[in-house]
Amino acid sequence: REAEAWEARFEEARTRDGHRVEVAANLGNTAHAADAVERGAEGVGLLRTEFLFMAHAQEPDLDTQIGEYREALDALDGRPLVARTLDVGGDKPLPYWPVPREDNPFLGLRGIRLTLTRPEVLETQLRALLMAAAPGSEQAPRPLRIMLPMIKDIAEFRAARAILDRLLDEIPAAERATDVQLGVMIEVPSAALLAPTLAAEVDFFSVGTNDLTQYTLAIDRDHPALSAQADGLHPAVLRLIEMTVTAAHARGKWVGVCGELASDALAVPVLVGLGVDELSVSARQVPLVKARLREFDLAEARAQAELALAQATSEAVRDALEVR
Ligand code: PEP
Ligand code: MG
């Protein structure tokens, strides 16, 4: 089966009845984009840019960042790049950007909250992304999707949007990306609950099930004894994903899932049944997730989603899905 999945890795992923779901790759290093394409990724669904920042002893300047983002966009050759803006703090400190000691770093200055304390850092990063995605001499479009981490409500989105809009005004059109979307991660429960207000203004959502599960169940995702209970197939998490998709589709916006749940064989039909449009998984998993998508049809996926939503615990969800 693995050999079969590998053979078919460049084919679009469709359910048995032809419903298309995009499969993209999660990357922490722009040098790995070519490998992701070779494994059948239809784009990068999550570039964790914090690893690029962590790889440098000081904040990478504009040209350094442009060079790195360009490396990924060149390898993607017209496929979309979803680049997440710097997501540090919490479990991911940056040595040259010290954050005062916090009792609860996961509930502290991290993600967009931290970045908005130094808007010039966000501005440089956005400028670098926009400039790296300028159409090259071949004039081929380079779809750029910028994604904001840890958004809890619309105010943080608007603050970032204002910076991006100013840059789009300021940089001559020929020198920057022309196909740009600005979206948010849904990884804080308040963002899922407020998805209707967010969906009115964002271009897309991507559900970060790792953090969404952690914050919904109040279980540290890295807790040595408890993390096994932090299961994204928990019905509470699934309801938040359902709310997110409903709100997005009502506004014609797309929804991806870029957390671990996206490559869980039991979860794939559930997510598709909930209406998720894109799955972003580690490059290694791309052929397998594509193969998994070809095993069921949309009606089956919807039935699996209904079944999962009706359960009371994640154990019950796994049992119910397993017997099928
Ligand atoms: C997530 O939280 O699900 C996610 C994709 O982001 P990260 O794992 O980098 O926090
Ligand atoms: Mg996260």
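Just so it is clear, none of the values below were taken in a lab; they were calculated from the coordinates. Fair warning: this is a prediction, and the values are worked out from it, not measured in the lab. Here the Cβ is made from the backbone with ideal geometry for all residues, glycine too, and neighbour counts use every protein chain on show.
If you go through the range 185-225 and keep only what is over 27 Å from Leu81 (Cβ atoms), within 16 Å of ligand 2 (Cβ to nearest atom) and touching a residue at least 40 places away in the same chain (Cβ under 8 Å), you end up with Pro189, Asp220, Asp222.
Does Val289 satisfy being within 13 Å of ligand 1 (Cβ to nearest atom) and either crowded, with 23+ Cβ neighbours inside 10 Å or closer than 20 Å to Val44 by Cα (or both)? Working first, answer last.
Working: within 13 Å of ligand 1 (Cβ to nearest atom): no; either crowded, with 23+ Cβ neighbours inside 10 Å or closer than 20 Å to Val44 by Cα (or both): yes.
Here the answer is no, as Val289 does not meet what is asked.
So is Val184 touching a strand residue (DSSP E or B) at 6+ places or on another chain (Cβ under 6 Å) and not in a helix (DSSP H, G or I) or not?
Values: touching a strand residue (DSSP E or B) at 6+ places or on another chain (Cβ under 6 Å): yes; not in a helix (DSSP H, G or I): yes.
Judged against the criteria, Val184 is a match.
Filtering Ile146, Ile163, Ile154 for residues that are among the hydrophobic types (A, V, I, L, M, F, W, C), farther than 24 Å from Ala72 by Cα and either surrounded by 11 or more Cβ atoms within 10 Å (Cβ to Cβ) or within 16 Å of ligand 1 (Cβ to nearest atom) (or both) leaves a single hit, Ile154. Among the conditions (1) within 16 Å of ligand 2 (Cβ to nearest atom); (2) touching a strand residue (DSSP E or B) at 6+ places or on another chain (Cβ under 8 Å); (3) touching a residue at least 40 places away in the same chain (Cβ under 8 Å); (4) farther than 18 Å from Glu278 by Cα, the only one that Gly28 does not satisfy is (3).
Against the conditions (1) part of a helix (DSSP H, G or I); (2) over 21 Å from Leu47 (Cα atoms); (3) touching a residue at least 24 places away in the same chain (Cβ under 8 Å), Ala228 satisfies every one except (3).
Name the helices (runs of 4 or more DSSP H) wholly within the range 23-96 that hold at least 1 residues that are touching a His at 6+ places or on another chain (Cβ under 8 Å)?
On the way: elements: 33-38, 50-54, 62-76.
Here the list reads 62-76.
Out of everything in the range 179-237 that is surrounded by fewer than 24 Cβ atoms within 10 Å (Cβ to Cβ), among the polar types (S, T, N, Q) and closer than 17 Å to Leu148 by Cα, what residue ends up being farthest from ligand 1 (Cβ to nearest atom)? Top of the filtered list is Thr197. The set of residues in the range 73-103 that are surrounded by fewer than 16 Cβ atoms within 10 Å (Cβ to Cβ), of a type outside the set (Asp, Glu) and either closer than 30 Å to Gly136 by Cβ or within 16 Å of ligand 2 (Cβ to nearest atom) (or both) comprises Gly78, Pro93. A search for C-beta distances below 6 Å between a residue of the range 92-104 that is farther than 19 Å from Thr49 by Cβ and any residue that is surrounded by 13 or more Cβ atoms within 10 Å (Cβ to Cβ), counting only pairs 6+ apart in sequence or on different chains, returns Glu102/Gly108.
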